[in-house]
Amino acid sequence: MNHSSSRISRIRNVFSATEPYLYLVPSILIFSIFLFWPFFKTIYLSFYKTNKLGQAKLFVGIGNYKELFQSSAFINSLYVTLVFVIIVVSISMLLGLIGAILCNKTFPGIRFFSTAYALPMAIASSSAAMIFRIMLHPSIGIVNKLLHLNINWLADPRYALVLVAILTGWLNSGIDFLYFSAGLASIDETIYERASVDGAGPVRQFVHLTLPGLSPILFYTIVVNIIQAFQSFGQVKILTQGGPGDATNLIVYSIYRDAFFNYRFGSAAAESVILFVIIMCLTLLMF
Amino acid sequence: MSEISLVNVSKLYKNGFYAVKDCNVTIHDHEFFMIIGPSGCGKSTTLRMIAGLEKISSGELYIDGELSNMLEPQERNLAMVFQNYALYPHMTVFDNIAFSLKVRKLPKEEIERQVMSVADMLGISALLHRKPTALSGGQRQRVAIGSAIVRNARAFLMDEPLSNLDAKLRAEMRVELSRLHKKLNATMIYVTHDQVEAMTLADRIMVMKDGIVQQVAAPMELYRHPINQFVAGFIGSPEMNFIPVKSREDASGFSLIGKNLKVEADETIESAVHGDSHNETLQGNYAQKDLILGVRPEDFIPVSSYQAADFLFEPAVVENLGNDYLLHGYMVSAADPFGISRKKEKMIVISMKRNDTISDHDRIPMQIVTEHMQLFDPESGRNLLYPGTPADPETLATERRQA
Ligand SMILES: Nc1ncnc2c1ncn2[C@@H]1O[C@H](COP(=O)(O)OP(=O)(O)O)[C@@H](O)[C@H]1O
Ligand SMILES: [Mg+2]
């Protein structure tokens, strides 16, 4: 009697000690299979030359990295990506901010406008890119029709990167709109009333009240935007395939090309690691 | 010099709701003007229309004789203290107070000097480098007031500035505000639902109910001559006692008779009831009709004999307030002092001074101070003894002040 009850209580103790971990098992399992394993596999691969099936064949140490930093194509990729990220982040944040400010007041039809500003979030980048491509089509595209121009936008290295960046910026602006709307909603309305009685006009109110009020969310939004911009892929694949030349060969696209066209999985893995390090550094720098 | 006039000002919200209806009032220069009324009666709306934060649906607003309906808040040169203080959360106390001066592009030294002087006046000099979140309620309140008075505004608007403070702090700030008003000699328009604040601070009080101005008058004027039952009940604490009565005329003269009460009435009351009072709008014959007698808690006098008593008072609860005490209890007919058939009615409240001598009977003979009695029409609520024309409380108040 006594013996068995102490046994039960011991089992109970063991169970209560392990219970929390049991709940974590499913997510750890999923993370391990889909995140940790590929991540470590990538780092592992980046030190090898591989065969066409992506199996590690020859250990080369940091050889892949060395090659990359000596390749002008990769340096170009880095540069293109940098320009691209700057344009995308500026455009998406600006669009999101303007939309959020416009929709911060209630007026008839606000639902329509809110939906319109948040909509890019719901559009797949590839379908947006398809539509964009038709719009920019040199002969039937509406852009040329409206501007009475005859430019092959996506084939022109001067425009291609900027256009892809504009599209991406617009696509990313939906989520920024949401962030900024939430940020604006958290600012006490009456401080604007006080400011207007105090004599401050709209510009001063924006600079002295809105921006500081948004600053916590502003910061978070920048980080998320940068990460998102670095990882853009679908629109490049559909609009320019990295071209013309290497004008839109963003790192992610270059990884894709290296891996699945050139079968240089080792090099692609090394690029991935570099991209990861860049994003991680930027994020750490910001926090 | 700043005089603010509202002429037939109304606020109609989109849902067809009149938050303020036909408000007519002139706030004089240097006046401490109170707007008082229960929650939701349109006080804030009125103040916000003056500030320009709310559009005026109809009517005219004059600031110093200039029609100001269309002026932006920025152009009105008014200062406002908000109920929630509306401090700029990411600015220090100094920057909060300095904001309106910076907007006006004053020289830096000048700004510093003025902020310091205001901070000194309000006792917040030590807090100038703190953020609002690091302040207590009372300190925030001071910062809000400081931010308003630092500037030479034409008038200071305050929307329930003390309502978020605890009782002790509120009493302190009341005194301070009064001092401040004297010192600044400025026009103040102050919204509150607290009649104690109104009575202690105001030069004049405007009482509102459901968006409609009931009466505008000096505090004691409101207290002694309320225009209707609502104002009578709203002003004064504890509330005025309302006792249902009828008038009666017999051999002993004209009197007011309640269930357990008989008051000899004087000629003023008699003529008011008979409708031949000087006051035309109140004319109508109230003899035989139901009336409501209004008596303030302090307008009862304990007497020594049953004969002299208007009624007997049977205390049920005694509230000791230190120097005063409040007796809550029932009226018993003086004609039937030992009656067992007394009908219990609503309790009335009587306020006594500590040194008032009361007989230690269970039932105290009481007299009512006839001079301060009010008599209300139970249907319309209007005060039959109101000495002016209800349609024009403004003139009345002015006349009285001059008298
Ligand atoms: N935007 C609005 N639409 C409709 N009714 C409103 C609106 N704003 C306020 N009200 C109503 O107007 C009335 C007066 O409000 P307010 O002036 O704030 O009252 P208070 O006397 O408590 O300050 C309230 O009954 C309130 O419900
Ligand atoms: Mg209010």
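The values are calculated or read from the model by the stated rules, or taken from the named source; none is laboratory data. Since this is a predicted model, take the numbers as computed values, not measurements. Ideal geometry is used to build each Cβ from the backbone, glycine not excepted, and the neighbour counts take in all protein chains shown.
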Subject >> Some residue of segment B:170-186 being within 16 Å of ligand 2 (Cβ to nearest atom), farther than 15 Å from A:Val197 by Cβ and either part of a strand (DSSP E or B) or without any contact (Cβ under 8 Å) to a residue 60 or more places away in the chain (or both) >> reply: no
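For (1) within 16 Å of ligand 1 (Cβ to nearest atom); (2) more than 21 Å from B:His181 (Cβ to Cβ); (3) not assigned by TED's automatic domain parsing to the domain that holds B:Lys183, each residue gets a yes or a no:
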site	(1), (2), (3)
B:Asp22	yes, yes, no
B:Gly42	yes, yes, no
B:Thr46	yes, no, no
B:Ser68	no, yes, no
B:Arg76	no, no, no
B:Val93	no, yes, no
B:Lys105	no, yes, no
**OP:** Check whether at least one residue in segment A:55-74 is modelled with pLDDT of 85 or more, within 23 Å of the chain's Cα centre (by Cα) and of a type outside the set (Ser, Thr, Tyr), and report yes or no.
**Re:** yes
Original post:
Could you count how many residues in segment A:202-223 are within 12 Å of another protein chain (Cβ to nearest Cβ), under 25 Å from the mean Cα position of the chain (by Cα) and of a type in the set (Val, Ile, Thr)?
Top reply: 0
Original post:
Which strands (runs of 3 or more DSSP E) sit wholly inside segment B:21-106 and have at least 3 residues that are closer than 30 Å to B:His129 by Cβ?
Top reply: B:79-81
**OP:** For segment B:246-255, state whether one or more residues are within 10 Å of the chain's Cα centre (by Cα) and not polar (S, T, N, Q).
**Re:** no
Original post:
How do the pairs read when you match residues in segment B:77-95 that are more than 7 Å from chain A (Cβ to nearest Cβ) and on the phi > 0 side of the Ramachandran plot with residues anywhere that are outside any loop (DSSP other than H, G, I, E, B) and polar (S, T, N, Q), using Cβ under 7 Å and keeping only pairs 6 or more apart or on different chains?
Top reply: B:Tyr85/B:Gln141
**OP:** Could you tell me whether B:Ser58 is crowded, with 16+ Cβ neighbours inside 10 Å and either more than 9 Å from ligand 1 (Cβ to nearest atom) or in contact (Cβ under 8 Å) with a residue 40 or more places away in the chain (or both)?
**Re:** no
Original post:
Quick one: in segment A:182-201, which of the residues that are touching a Gly at 6+ places or on another chain (Cβ under 8 Å) and away from chain B (no Cβ under 11 Å) is farthest from A:Ile274 (Cα to Cα)?
Top reply: A:Leu184
Original post:
Just for segment A:229-246: of the residues that are closer than 20 Å to A:Met130 by Cα and in a helix (DSSP H, G or I), which one is modelled with the lowest pLDDT?
Top reply: A:Leu239
**OP:** Could you please find all residues in segment B:46-73 being within 16 Å of B:Thr192 (Cβ to Cβ) and either more than 13 Å from chain A (Cβ to nearest Cβ) or away from ligand 2 (no atom under 16 Å from the Cβ) (or both)?
**Re:** B:Thr46
Original post:
Given B:Gly65, B:Gly52, B:Gly40, B:Gly16, which one is surrounded by 20 or more Cβ atoms within 10 Å (Cβ to Cβ) and of a type outside the set (A, V, I, L, M, F, W, C)?
Top reply: B:Gly52
Original post:
Just a yes or no: is a residue in segment B:133-152 within 28 Å of B:Tyr18 (Cβ to Cβ) and within 16 Å of ligand 2 (Cβ to nearest atom)?
Top reply: no
Subject >> Counted residues, segment A:186-205 - those being surrounded by 16 or more Cβ atoms within 10 Å (Cβ to Cβ) and without any contact (Cβ under 8 Å) to a residue 12 or more places away in the chain >> reply: 10
Original post:
Looking at A:Val25, is it of a type in the set (Val, Ile, Thr), modelled with pLDDT of 85 or more and assigned by TED's automatic domain parsing to the domain that holds A:Leu161?
Top reply: no
Subject >> Of the criteria (1) surrounded by 12 or more Cβ atoms within 10 Å (Cβ to Cβ); (2) modelled with pLDDT under 85; (3) over 27 Å from the mean Cα position of the chain (by Cα), which one B:Ser341 fails >> reply: (1)
**OP:** Give the residue, chosen from B:Ala218, B:Ala202, that is away from ligand 2 (no atom under 16 Å from the Cβ), of a type in the set (A, V, I, L, M, F, W, C) and more than 27 Å from B:Leu53 (Cα to Cα).
**Re:** B:Ala218
Subject >> Residue in segment A:274-284 that is of a type in the set (Ser, Thr, Tyr) and surrounded by 15 or more Cβ atoms within 10 Å (Cβ to Cβ) present >> reply: no
**OP:** Evaluate the following for B:Ser2: is it more than 15 Å from ligand 1 (Cβ to nearest atom), away from chain A (no Cβ under 14 Å), out of contact with any Pro (no Cβ under 7 Å at 6 or more places or on another chain) and in a loop (DSSP other than H, G, I, E, B)?
**Re:** yes
Subject >> Subset of segment B:11-45 [within 11 Å of B:Val213 (Cα to Cα), basic (Lys, Arg) and away from ligand 2 (no atom under 13 Å from the Cβ)] >> reply: B:Lys21
